[in-house]
1. Sorted by mean Cβ packing within 10 Å, highest first, what order do the peptides 239-249, 10-20, 174-184 take?
2. What residues from the range 147-186 fall in the zone where the backbone N is under 19 Å from a label point 7 Å along the Cα-to-C-beta line of residue 39?
3. Percent of Cα-Cα pairs per 5 Å bin, from 0 to the last occupied bin, for the range 177-292, please list those.
4. Multiplying the sequence separation of residue 264 and residue 163 by 0.36 nm and subtracting their Cα-Cα distance, what value in nm do you get?
5. Run the paramagnetic zone check for residue 178: 7 angstrom along Cα to Cβ, then residues of the range 104-125 with backbone nitrogen under 17 Å.
6. Tell me whether the range 108-155 comes out rounded, prolate or oblate; compute the Cα gyration tensor, take square roots of the eigenvalues as a ≥ b ≥ c, and use a/c under 1.5 as the rounded threshold.
7. So if each residue of separation counts as 0.36 nm, and I subtract the Cα-Cα distance between residue 205 and residue 146, what length gain in nm does that give?
């Protein structure tokens with residue numbers, strides 16, 4: 001995998017080439033101060049609260065942003081989120097033009113590993129605060145910002161990156177309709193179910209039809225049109241059989257190979273073993289029964305559910321238990337009055 005291949009998988013590069021068969025998107029330059037804010041581990045409060053919140057608030061804090069205070073005896077530290085009024089206005093204008101709800105990502109990655117922290121449990125955002133919360137909580141985003149060329153094999157200096165925020169129109173996609181396609185030397189060699197954590201009966205029943213529509217789409221819309229000859233692209237096949245491009249990824253280990261291994265994809269050997277596919281066509285892999293379901297790859301990024309419930313105030317009993325536990329662990333004072 002070369003650094004040039006990674007650069008060509010930025011949405012701002014491939015989107016103009018495939019605008020007619022992908023989701024509406026708006027690309028905004030990410031100011032340096034916003035980038036610094038996203039990488040600042042010390043900033044505990046989320047910026048962007050001037051927009052309409054996506055979850056309910058109490059009457060006391062619904063009209064204005066509240067500072068967060070941590071009190072330690074007489075020492076009080078007030079943490080105030082930095083504000084970016086010009087950038088916030090650009091983001092809100094883009095959100096409004098895309099229908100009011102968007103899916104955020106940076107040059108390459110979406111914060112899928114941080115979906116658990118959102119109040120709605122998804123990447124659906126309607127204001128800058130929601131977007132910042134996801135971006136600041138995501139290891140995928142940190143990778144984009146700090147080491148996008150980590151797995152590249154060439155030793156040339158890293159190219160300068162213009163960091164971008166990508167806002168995509170929110171679409172309700174059924175996970176069973178998403179597939180990842182692997183292209184080597186401009187030949188489609190493999191197709192895999194993207195959500196390999198579930199068994200989808202319709203994929204088994206419509207295997208030939210699904211693969212046929214993906215192959216036709218590749219030959220008609222993608223082949224020889226992408227700037228590289230080795231790449232990975234994700235598609236969505238809707239209930240009417242139409243195929244849409246979701247994203248492009250580098251052909252290398254930085255991209256999840258899902259039901260394949262990178263060793264077999266790189267070598268091109270043994271792909272057809274145990275596969276229901278034409279030897280001259282791509283191998284199609286999918287979950288064949290509920291017995292072969294695999295765990296979600298994003299589970300390792302989540303906090304325990306008890307912590308999430310506490311942070312959201314969704315379980316009063318857990319909060320009471322937590323306060324009792326904290327009180328019991330406090331050292332006993334020598335002064336009975338204390």
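Where a number appears in this text, it was derived from the coordinates with a stated rule and is not lab data. Since this is a predicted model, take the numbers as computed values, not measurements. Glycine gets a Cβ as well: all are built from the backbone with ideal geometry, and neighbour counts include every protein chain shown.
1. Output ranking for 239-249, 10-20, 174-184: 174-184, 239-249, 10-20.
2. Answer for this model: 147-152, 157-166.
3. Bins of 5 Å from zero give 2, 11, 24, 26, 22, 11, 2, 0 percent of pairs.
4. Between residue 264 and residue 163, full extension yields 33.0 nm more.
5. 104-118, 120-125
6. Prolate is the answer for the range 108-155, as a/c is 1.5 or above and a/b outweighs b/c.
7. Residue separation times 0.36 nm, minus the Cα-Cα distance, leaves 16.9 nm.
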